[in-house]
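One structure is given below, encoded as structure tokens.
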Amino acid sequence: MSHVDATTEPTSSSRPIALITGATSGIGYEMADRLARRGYDLVLASRNLERMNEIRDRFAESGTQVVAIQVDLTGIEAARFLYDEITRRGFAIDVLVNNAGFGVWGDHVEQDPQRVEQMLGLNVVALTTLCGLFGKDMKQRGRGYILNVASGAAYQPMPRIAAYGASKAYVLNFSEALAKELEDYGVSVTVLSPGATDTGFFDAAGMEVSEAGPMSKKFRMSAGTVAQIGLDAMFDRRLSVIPGFLNNLLAFSVRLAPRSVVAAIVKRLADSVTADSA
């Protein structure tokens with residue numbers, strides 16, 4: 001099932017409205033919090049209605065109105081449903097944040113094909129559709145911001161998490177191209193490519209991360225820091241941003257080496273991620 005009924009909590013204020021997917025935790029929640037403090041009302045889209053209602057009640061204390069729409073964006077028609085539901089309510093989205101996404105860890109041929117299809121449906125299809133539908137509305141109004149969350153994994157082949165890395169490479173290239181298509185119409189598109197971040201991503205992907213490896217908690221950036229960097233870049237109308245000096249250095253360095261060498265190095269790093277937990 002691609003979606004279920006949405007809650008009814010109409011916003012009646014004249015404040016700008018931000019739509020955020022995957023806003024119930026991690027980077028998405030931190031972005032919601034910062035946009036609320038910046039004066040935005042929010043439309044949140046997630047499967048977790050209970051958590052969205054908690055966020056709505058919390059933000060209401062500071063005067064932020066929140067609409068929570070329960071939707072499973074892995075479904076093929078889900079993005080269209082979300083757009084139609086928002087349009088039906090008469091909301092004009094000023095900021096679109098495509099944050100929802102997940103990864104599946106392990107050799108690709110051993111992964112559940114249905115789970116991989118769901119991941120690609122969310123990471124690629126839903127994001128592309130939402131950018132097309134809301135981006136067209138923004139183009140017609142002559143203003144708007146789109147922030148798409150890619151990953152540091154977008155910059156090189158990613159053995160052990162191959163389809164996820166490829167999906168984020170798509171997000172990176174699609175976003176930068178879309179930005180050029182819309183820049184003459186007052187619409188800004190920014191792509192955020194975080195490195196390892198302290199969220200629930202690793203658990204959801206099925207990764208038992210080594211405490212001595214490069215993905216351990218001590219090396220991860222906070223979700224709040226990543227969210228702030230992403231939003232600052234979006235409002236500055238920057239094309240692309242990678243949070244953190246080391247993440248930028250890594251993304252730049254892989255461009256200088258042969259791709260076969262990069263793939264081999266990443267494979268060894270991937271094997272070391274879970275080495276001492278095997």
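The values are calculated or read from the model by the stated rules, or taken from the named source; none is laboratory data. Note that the coordinates shown come from a computational prediction; the quantities given were computed from them, not determined experimentally. Heads up, the Cβs are rebuilt from the backbone with ideal geometry, glycines too, and the neighbour counts pull from every protein chain shown.
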Criterion violated by THR128 - all others in (1) surrounded by fewer than 23 Cβ atoms within 10 Å (Cβ to Cβ); (2) modelled with pLDDT under 95; (3) closer than 27 Å to GLN228 by Cβ; (4) of a type outside the set (D, E, K, R) satisfied: (2)
Some residue of the range 55-68 being touching a strand residue (DSSP E or B) at 6+ places or on another chain (Cβ under 9 Å) and under 17 Å from PHE174 (Cα atoms): no
Flag if VAL97 is under 16 Å from the mean Cα position of the chain (by Cα) and in a helix (DSSP H, G or I): no
Restricting the range 161-180 to residues that are touching a Ser or Thr at 6+ places or on another chain (Cβ under 9 Å) and among the charged types (D, E, K, R), the residue that is surrounded by the fewest Cβ atoms within 10 Å (Cβ to Cβ): GLU176
Count of residues meeting criterion [more than 28 Å from ASP236 (Cβ to Cβ), charged (D, E, K, R) and either part of a loop (DSSP other than H, G, I, E, B) or touching a Gly at 6+ places or on another chain (Cβ under 7 Å) (or both)] in the range 71-94: 3
Within the range 79-103, tally of residues that are free of Cβ contacts under 8 Å to residues at least 24 places away in the same chain and surrounded by 21 or more Cβ atoms within 10 Å (Cβ to Cβ): 0
Residue pairs meeting the criteria (Cβ under 8 Å; at least 6 apart or on separate chains; first closer than 11 Å to GLN156 by Cβ, in the range 250-269; second polar (S, T, N, Q) and modelled with pLDDT of 75 or more): ALA251/SER193; VAL254/GLN156; ARG259/GLN156; VAL262/GLN156; ALA263/GLN156; VAL266/GLN156
